[in-house]
Structures are given as C-alpha cells and as structure tokens.
Amino acid sequence: MRIYIPADSSARSVGADQVAARISELPYAEIVRNGSRGLAWLEPLLEVETEQGRIAYGPVRVSDIDSLISADFAHGGPHPLRLGNIEEHAWFAAQDRVTFARVGLIDPLSLDDFRAHGGYAGLSKALALSGEEIVAEVTASGLRGRGGAGFPAGIKWRTVLGAAGSEKYVACNADEGDSGTFADRMLMEGDPFTLIEGMTIAALAVGATQGVIYVRSEYPAAISTLRAAIATANLNGWLGDDIQGSGRSFDIEVRSGAGAYICGEETSMLESLEGKRGQVRAKPPLPALKGLYGKPTVINNVLTLASVPMVLADGAAAYQARGVERSRGTQVFQLAGNIKHGGILELPFGVPLRQLVEGFGGGTRSGRPIGAVQVGGPLGAYFGADQLDLITDYEAMLAAGGMLGHGGIVVFDDTVDHLQQARFAMEFCAIESCGKCTPCRIGSTRGVETIDKIIAGQDVDTNRVLLDDLCELMTDGSLCALGGLTPLPVRSALKLAGV
Amino acid sequence: MTFDAWSEELAAAVLEPCQGDETMVLVALQTLQERFGFVPAEGVPLVARLCNVSRADVHGVLSFYHELRTSPPAGRMVRVCRAEACQAVGARDIERAFADAGHPVGSHSESLSVEAVYCFGNCALGPTVEVDGTLHGYCTEEIVAEALR
Ligand SMILES: Cc1cc2nc3c(=O)[nH]c(=O)nc-3n(C[C@H](O)[C@H](O)[C@H](O)COP(=O)(O)O)c2cc1C
Ligand code: SF4
C-alpha cells in the first residue's frame, strides 16, 4: 500500500518524521517521502494510493494514527481528517501548476517518477536545438527573473551566448533570503531534477559546461536532496560528459552559503562562490560578461531556471499565454506570516492581493483583522488593509511604491506595531550590510537610532525629517538594493503608523 | 551533534580538496566548522597556507559570515527565526522567553547557545525555532520550555 508522507522541511517541522515512523510500523505500508503539495496548514499531509486515486488526510498528528488505522485510511476510509483527492481541493484546483507541477506529486529522487511525469521532455527538445534557438524560445516566452528584479531571462542568456570565450558558467541563485519566501526550497526538496534540467538547458543555450547552485545554509535538506539528485542524473547520463549521447557535457556543483543575506545579491554571491567576503561588486562589468572567476555567467534564480523546462517542452506560446501585460507566465506566490491558509500558490500573474490573502489565505491565523501586508521580502513595502486591491504583477507593484520581489507575501494582524516593523527594516539592513557604501552601513544604524527616538516621542518632527533625509541618502547613495530599497519598508511602515 | 577535537592532522586531511585553491577559503572554513564545531584559531594559518592566501584574507572571510564561529559551541544550540513572517506570529515573544530565562539571542553559556536566524523558509508555519538541528514550526511555550530544560 503506497502512502505518501512529505519529507519537506516545513512538514517535518510539524511532525512528518514522527508520523512516518509510526506509519512505517504498519506491515502493509510502502512509504514514499514526497515533497509538499504546498497547503502548508494541512501538513503533515498524508496521501494514500487507493482505487479511487490518491486520498489525502491532514493535518495528521501522531495521536491521530490509531484512529486513522481504525478508519481503514489505507483504503481511503472516512475520518474527520479526510480531505479527498487533494488536487480537487478548492485551494489546489484553482491553481495553474506549471513550475510546481510535480512538487508533492512525485518521489523527489526517483528519476523514473520524474520522467513518467514529463521530466526531461524540455531538455530532450533542447538537445536538438542550437543555442540561438533555445535563447529565442526563452525570450519569446516572456519569462522574467523570479529572484526579485524581474529581468528578462532570454535577454540575459543572449548576452552570455554572445560573450567571447569557451569557459562559461551557469550559477543558480538559491540563497532565498527573503522572509516569507520558501518556493525555492520547496522546489529543490520536492522536485530537484526540474532545476537540474533547467540549468542544463541554460548551459546548452549559452555554451557553458559547469554549473553551480548556491544554496543558503539554512536549507540543509535542499542541499542533500540536490546532491543526491545530481549524482543520479550523472549516473544516468543526464549530466556529465556526453549527455544522452549528444556530445555535450555539463556538471553541477552545490555550494552552501554561510548565513549572510547579502550573498543573495548576485555579485556578492559570486564573491562568496570564489571563497571571499560577500562584498557587492560594482556593475559594470555585468556578470553575464564577467561573472564567476571573471568568465561569462548566467545567474538565475531557482524558479526562473525551473520554469525553463516547461517553456521548452510545451513551447514559448503556451507560457506566454499566461499572465498579464509584461508579466507573463505564472508566479509562485508564497503566503506567509499570520495567515490562516499559508503555503504555495502558483497562479498566472495579475491576481489582486486581496484574492491571495483573503480569498486563498482566508485572512489571518489569529482571526483578527489584517493590519499590514508586506510583499516582496524585507526590502518590500508594507501595505495597509485598504490597499489590497493592488494587482500583483511587476509593474503594478512598482507603480504602487512596492515590488513583487520573489513573490513572498507576509500578513500581519492588527496588533502589528508599524513603528517596530520600520525599525526592524533598518536594523536588518544594518546587520546584513556588506559594508561597502557608507549610506547603507552607517545610515542604517543612524536610522535605527532615529526611529528609536521617534518611538520614544523625542523631538518627533525633527527626527522625522532627519529620517526622511537618511532614507533619501540611502536610496540615492547605495550601490545595491539592500541599502537602496530599505527605505521602502521603512517609509511605508511609517506611513501606516501615521508618523 | 558531536564534533572532533582539534587536530592539525585531521584538519589537513579534511581540507585536502581545498589544497592550492584560493577560491576554496570559505569552503575550507565551513569544512573546519562542520568537523570541529567551530573554526579554531589554529585553523586560520592552516587555511591561509593551504589555499595560498594571507591570514588577513582568511580573517576577513571568517568575520564576514554570521554563521562561522570562532569559539566552540557548548550545550544545546537554539536558533530562533527573527524575520518578518515569524514576527507576525510572535517571534518576539519567543525571543523574550529565552531572554527572560537568562539566554538572550546572541548569548552563549555552558548549557545553551541562542542565535538569531533570518529565515528558515518555514514562513507559513511560524514561529520557527531550531533546537540542535531539528526545526520546530508553530513553536509553542512548551517547545521553548523543553529547549530551556
Ligand atoms: C540584497 C539582495 C538580495 C537578493 N537575494 C536574492 C536571493 O536570495 N535569491 C535570488 O534569486 N535573487 C536575489 N537577489 C537578486 C539577484 O541579485 C539577481 O537579480 C538574481 O539572482 C538574478 O536572477 P533572476 O533574473 O532569475 O531573478 C537579491 C538582490 C539583492 C539586492
Ligand atoms: S548598499 Fe549596502 S549591501 Fe549594497 S553594496 Fe552598499 S553597503 Fe553593500
């Protein structure tokens, strides 16, 4: 009897391992540790394969297992925790799972499972194409970088393809430092071959033979899953020399970060990969021309690269048909913080924020009114409950004074202390600054002190003006977006505080 | 988590893959920490020599990364998420509970070290605390009490 119990870190944080251990005592249980289906509040979510299809139960605690057994859950028996086929669950059925199509569905480390569900169809097509043709396809899809800046992937790849030299790299940015984001982690843990496939296609496109994935150290399970998947891909001729008899070769190495947020910034990541302090490099030169070890390098986020296989497999038009305006394809939203139904939502761009947090998310976990929503990580703006009609695409978010970033949405209830959130944004910048620019390094520390004075009610008007000047200085005088965008959450939170 | 006691020979052996490669300084330091639980002072000249860089370079890297430790971890290791998604569900209360018990974030004692982490990627099920490498979502007072015990 096949029973799926996620090995996803989030599911494990609420007891999936203990549930798996108990279930494994059942003589008929054949356990598969899958990824998470993304309905985080239902974790640990267990699924059994029955004649009626996969039947889910959740959230399952160890203390529920006796009653599940009595209810004959192994044959899909009735039980208060029974959810039916999870793909028919309203939360899931409304989604458009493209990048996340296989996450939670398959055994993450089974190459057979991966292939049986369409895996390597994109790479198989790419192997028959020229680099030019692959780049053209990715460009036509409208795929933009999912790491935060939203730069068109095809244009970046074209630059690397056109760069002189035979030694080129593909570097995957898996530093995922934004609070409220976990899609990269879930994909790496739940469907690592898709990322490997996407990186291999990128390598074929630009003529690279070596790849590297820079994973934050807070994600140990992602690191070990990727390493295992890479080994399997190598053994089966999907990586290494002469990929599937094509004469092309590509290898991937996994590197771990060391707890520095700034190393998610691409040039800082390159420094870190070269073994140095993660200090941001000035641009130009673009990493596409002078990247890792000074060689032309494609740097893309996990989700960008993991979207590429589908673009190749189903064609650019199918991807481009999704979304709105200049935001094409799907966005993997991550609902986090004080939210009743948190998790992963893959939807075409263009969904109003309200539909995400109130519709799918069901409002706050505490049941209190929404007090603030921060979109796009620690450098993203805070929005009030009256601003939820915003559309979540790149341009609309920018126009509203925020940014979509990596698609993380953190909900706070009305007990939120906006001034404390403004203070934290400054403090975070002070802690994580790479130290290269004075406005960021010193300005953020002054910013914390100034906000403390405002909180204490000390010369509020004067300090408010001072803080505005500081924000201005940081925006204009910072080399990268850490110093440059910290004023976004600071100012928006102050506005919500009415200060 | 168990670590080996410092030994120059063992260190040189585990650092073999970094030999002669200046781009491996960070990996070398991470390798030492994995093996010995921290980067002992003796590790700095060793890494400098092996990777062909100056001691100052090694120090620079060592001091940049929050996660690299220069003193041995003692007792239980607790890492509290301090980032926004966990703040929204009471991370500050968790932090305060440890502080009230005499173990503020950033403190290291014989029995307990408490460190801050800015996101474990468990943002839908916070607050999140890691105790000796095990992640706990929906962190409750009981889990804090257990960690303090
Ligand atoms: C402070 C800072 C942190 C960043 N962190 C990340 C990160 O964790 N992951 C990521 O993919 N991009 C991050 N970025 C964006 C990268 O610099 C870069 O734009 C991205 O990796 C490019 O890939 P993409 O085009 O596929 O998005 C960060 C940028 C800044 C300024
Ligand atoms: S803005 Fe801050 S993090 Fe970015 S380069 Fe300048 S000092 Fe470094």
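The values are calculated or read from the model by the stated rules, or taken from the named source; none is laboratory data. All values reported here derive from a predicted model rather than from experimental measurement. Here Cβ is always computed from backbone atoms with ideal geometry, including for glycine, and neighbour counts include all displayed protein chains. All accessible areas refer to the heavy atoms of the entire protein, side chains included, with ligands and DNA or RNA removed. Shrake-Rupley method; radii C 1.70, N 1.55, O 1.52, S 1.80 Å.
Starting from residues that are within 16 Å of ligand 1 (Cβ to nearest atom) and in a loop (DSSP other than H, G, I, E, B), keep the ones in the stretch A:230-273 and report whichever is modelled with the lowest pLDDT.
A:259
When you scan the stretch A:135-143, do you find a residue that is under 30 Å from residue A:234 (Cα atoms), open to solvent by less than 50 Å² (accessible area, probe 1.4 Å) and in contact with a His (Cβ under 9 Å, 6 or more places away or on another chain), even just one?
No, every residue in the stretch A:135-143 fails to be under 30 Å from residue A:234 (Cα atoms), open to solvent by less than 50 Å² (accessible area, probe 1.4 Å) and in contact with a His (Cβ under 9 Å, 6 or more places away or on another chain).
Considering only the stretch A:368-409, state which residues are in a helix (DSSP H, G or I), out of contact with any Asp or Glu (no Cβ under 9 Å at 6 or more places or on another chain) and charged (D, E, K, R).
Selection gives A:386 alone.
Would it be correct to say that residue A:479 is more than 14 Å from every other protein chain (Cβ to nearest Cβ) and within 16 Å of ligand 1 (Cβ to nearest atom)?
Answer is yes for this residue.
Do you know which of the residues in the stretch A:396-415 that are more than 16 Å from ligand 1 (Cβ to nearest atom) and surrounded by fewer than 24 Cβ atoms within 10 Å (Cβ to Cβ) is nearest to residue A:307 (Cα to Cα)?
Checked the stretch A:396-415; the qualifying residue nearest to residue A:307 (Cα to Cα) is A:396.
Given the criterion open to solvent by 10 Å² or more (accessible area, probe 1.4 Å), more than 16 Å from ligand 2 (Cβ to nearest atom) and closer than 30 Å to residue A:433 by Cβ, identify the matching residue among A:266, A:253.
A:253
If a residue has to be within 12 Å of ligand 1 (Cβ to nearest atom) and part of a helix (DSSP H, G or I) to count, how many in the stretch A:432-445 make the cut?
2
Pairs only if they're at least six apart or on different chains, beta carbon under 7 angstrom, first in the stretch A:66-79 and open to solvent by 30 Å² or more (accessible area, probe 1.4 Å), second among the hydroxyl-bearing types (Ser, Thr, Tyr) and modelled with pLDDT of 95 or more; list them, first residue then second.
Close Cβ pairs (under 7 Å, with a partner that is among the hydroxyl-bearing types (Ser, Thr, Tyr) and modelled with pLDDT of 95 or more) amount to A:75/A:50; A:79/A:57; A:79/A:67.
Which of the strands (runs of 3 or more DSSP E) contained wholly in the stretch A:295-349 include at least 1 residues that are closer than 15 Å to residue A:180 by Cβ and at pLDDT below 95?
Output list reads A:330-337.
Which of the residues spanning the stretch A:37-65 are more than 27 Å from the chain's Cα centre (by Cα), free of Cβ contacts under 8 Å to residues at least 40 places away in the same chain and within 14 Å of another protein chain (Cβ to nearest Cβ)?
Within the stretch A:37-65, none qualify.
Quick check on the stretch A:280-297. Is at least one of its residues within 13 Å of ligand 2 (Cβ to nearest atom) and buried (at least 24 other Cβ atoms within 10 Å of the Cβ)?
yes
Return the residue satisfying two criteria in turn: it lies in the stretch B:93-132 and is surrounded by fewer than 16 Cβ atoms within 10 Å (Cβ to Cβ) and touching a helix residue (DSSP H, G or I) at 6+ places or on another chain (Cβ under 8 Å), and of such residues it is nearest to residue A:376 (Cα to Cα).
Among them, the one singled out is B:104.
Among B:67, B:115, B:146, B:110, which is the only one that is charged (D, E, K, R), part of a helix (DSSP H, G or I) and free of Cβ contacts under 8 Å to residues at least 40 places away in the same chain? I'd like the intermediate steps shown before the answer.
Details: B:67 fails: part of a helix (DSSP H, G or I); B:115 fails: part of a helix (DSSP H, G or I); B:110 fails: part of a helix (DSSP H, G or I).
Exactly one residue qualifies, and that residue is B:146.
In the stretch A:178-225, which residue that is under 15 Å from residue B:128 (Cβ atoms) and among the small types (Gly, Ala, Ser) is farthest from ligand 1 (Cβ to nearest atom)?
Checked the stretch A:178-225; the qualifying residue farthest from ligand 1 (Cβ to nearest atom) is A:221.
Tally time: how many residues in the stretch A:433-446 are closer than 29 Å to residue A:457 by Cβ and either open to solvent by less than 20 Å² (accessible area, probe 1.4 Å) or within 12 Å of another protein chain (Cβ to nearest Cβ) (or both)?
4
Give the residue, chosen from A:359, A:329, A:350, that is away from ligand 2 (no atom under 16 Å from the Cβ), at positive phi, open to solvent by 10 Å² or more (accessible area, probe 1.4 Å) and more than 14 Å from every other protein chain (Cβ to nearest Cβ).
A:350 is the lone residue from the list that is away from ligand 2 (no atom under 16 Å from the Cβ), at positive phi, open to solvent by 10 Å² or more (accessible area, probe 1.4 Å) and more than 14 Å from every other protein chain (Cβ to nearest Cβ).
Name the single residue that is most open to solvent (accessible area, probe 1.4 Å) among those in the stretch A:151-177 being near ligand 1 (Cβ under 8 Å from one of its atoms) and touching a Gly at 6+ places or on another chain (Cβ under 8 Å).
A:151
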